[in-house]
Structure formats: C-alpha cells, structure tokens
Amino acid sequence: MDALELLDSGKHATLRMRPPAVADSPFVRIVTAEALAAAASCPVLLSKHAESGAFYMGALLGFRPGELLVDSPDGQPAFRPLEADREGFFAVEDSIAVDRAHRRFASDGEPMFDAQGAPAPLLRRAQAALGRLMAGNDATEAFIAALLKNRLVEPIDVSLSFDDGEKLRLEGLYTVSLDAIGELDDDAALALFRAGQLQLAYAMAGSLHHISLMARRRNERLAQAA
C-alpha cells in the first residue's frame, strides 16, 4: 500500500488480476448491507481496530488464516464478503487506486481491461464491491454506535478443542447480548426497530451458533485427511 496508483486503463492495460482468494485473516470486515446474508452462514461479530480502538463489524470465515469453513452443499462458499472482491483496490477520495504489489496481481491472472479499454468482469466486480463498501460505511457506523449507546455489546471468549488435539482460543471479539436487548425500554427498542437495527442485532446474536457448526466441519475435514 506504500505505492498506490490511481486506476488507469492506459497505465494498467497489461496488468492482470486473479479471482478472489481465501482471506489472510479469518475475520473479514463487512458492512450492514451484508450482515443478514453473512449471519445466515457464519458468525457475525465485532472487533476493534488495533490502531484506533474503534469497533468494526466482521464475519468469521474460519479459525486460522487461509481457512474457509463457510461451505454450502455444492462445495462453494455460502457467503463471500465484499472485501474478497475488493482486495488490491482502495478508495482515494472519488477515485479508485490499485496496489500493484498485492498478491492478487500476477502474470497468471486475467486481464483487467478488454481490448477497448473497458473494465473486464473481474475488475467490474472489484469496482462494484468497493462502491458498496464505501456506500455502507455510514450505516454500519450508525449501527455500531446504536449498539454501544444502548449497551448491547458484550465480549465473547471462544475456546475450541479439536479431534487432533489442537486447542484454539479466539480473543478480541464481541457480540450482541440478548439479555441486554430484553432489558431495553420501549422507546429504545422502537427506535432500533424503526432504524432496521433491531433485526441486525438479533441476527448477530443468533449467528453465534455457527461457531460450533464450523468447529464440527473442521473436525470432519481432519478426519477425511487422516
């Protein structure tokens, strides 16, 4: 990211890009527009930025870097975050910038532009994902602020043991407290409901059951590999 370049069909005419890959981090930032779809497939939680300490929303896709435990019956990811399509691209004011050093850009990838200089399908997906992420920032910040204002956020400590003897502990994660939702006064509950935030809060709390499902899926893979 030290040398971002504004996207240019002439300058980047020969640059090639790979399809989205499994994220380095198993916890991937999402916006509220993605939250319901994510919560149907994986845990949706909050964490804090290391630099600022501010909360952000994310989807837990696995327990280790590069691990994807969000599967559907056909073997494809049941949920793909916008961040996956956006990788390697960044918003710079009203423009899009590219990080040519990102692993996504390689000679074995697909062209970013077609012969007429128009964005190719992969680039269009990246542009659309980045646009949706930027458009969703304000609503996401408002949702998190509402959770904090109403004291609905509580820390969660996830400790897991697997059949191969490995033990994992996930720290620095937060969820929504159902008990705290139940203690909301009528005015606060109504305000959250009318803002569409109460549904998101319940979805976050309900998504915790995916942790045990993902752990079972991981154990099944370990057994198949043995």
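In terms of accessible area, using a 1.4 Å probe and ignoring ligands and nucleic acids, D186, D157, D85 rank largest first as D186, D157, D85. Taking springs between alpha-carbon atoms closer than 10 angstrom, which of L184, L60, L152 fluctuates most in the Gaussian network model of the chain? Most flexible of the set in this elastic network: L184. Modelling each spin label as a point 7 Å along the Cα-to-Cβ direction, I'd like the D186/A118 distance in nm, to one decimal. Those two pseudo-labels are separated by 5.7 nm. Against the chain, whose longest principal axis is taken from its Cα atoms, helix 197-206 shows a tilt of about 80°.
Listed by chain and number, the lysines placed with their C-alpha closer than 26 angstrom to that of K167 are K48; residues fewer than eight positions away on the same chain are left out. So how tilted is helix 121-149 from the main axis of the chain? Cα-based, degrees 0 to 90, rounded to 10. With both axes taken from Cα atoms, the answer is about 30 degrees. Helix 209-225 axis versus longest C-alpha principal axis of the chain: approximately 60°, rounded to the nearest ten.
Qualifying chymotrypsin sites (Phe, Trp or Tyr not before Pro) in the stretch 84-175, where qualification requires a DSSP coil assignment and no more than 16 other C-beta atoms within 10 Å, comprise F162.
Ordering V92, V158 by accessible surface, largest first, gives V92, V158; the 1.4 Å probe counts only protein heavy atoms, with every chain in place.
Ranked by accessible surface with a 1.4 Å probe, highest first, in what order do R86, R16, R80 come?
R80, R16, R86
Applying 1/(1 + (r/R0)^6) with R0 = 25 Å to the Cβ-Cβ distance of R217 and D157, what FRET efficiency is obtained, to the nearest 0.05? With a Förster radius of 25 Å, E is 0.75. With Rh defined as the Kirkwood radius, the inverse of the mean 1/r over Cα pairs, the Rg/Rh of the stretch 157-215 is 1.15.
Once the GluC sites (Glu not before Pro) in DSSP loops with at most 10 neighbouring Cβ atoms within 10 Å are cut out of the chain, the longest remaining piece is 94-226. Principal axis extents of the C-alpha atoms in the chain (largest first, rounded to whole Å): 59, 51, 34. Would you pull out the residues with amide H under 5 Å of R16's amide H, same chain only if 5 or more places away, H placed 1.01 Å from N? When sequence neighbours closer than 5 places are left aside, the close amide H contacts are A106.
The values are calculated or read from the model by the stated rules, or taken from the named source; none is laboratory data. This one's a predicted model, so the numbers in the text were calculated from it and none came from an experiment. FYI the Cβ positions are ideal-geometry reconstructions off the backbone, even for glycines, and counts take in every protein chain you see. Only protein heavy atoms, including side chains, enter the accessible area calculation; ligands, DNA and RNA are left aside. Shrake-Rupley method; radii C 1.70, N 1.55, O 1.52, S 1.80 Å.
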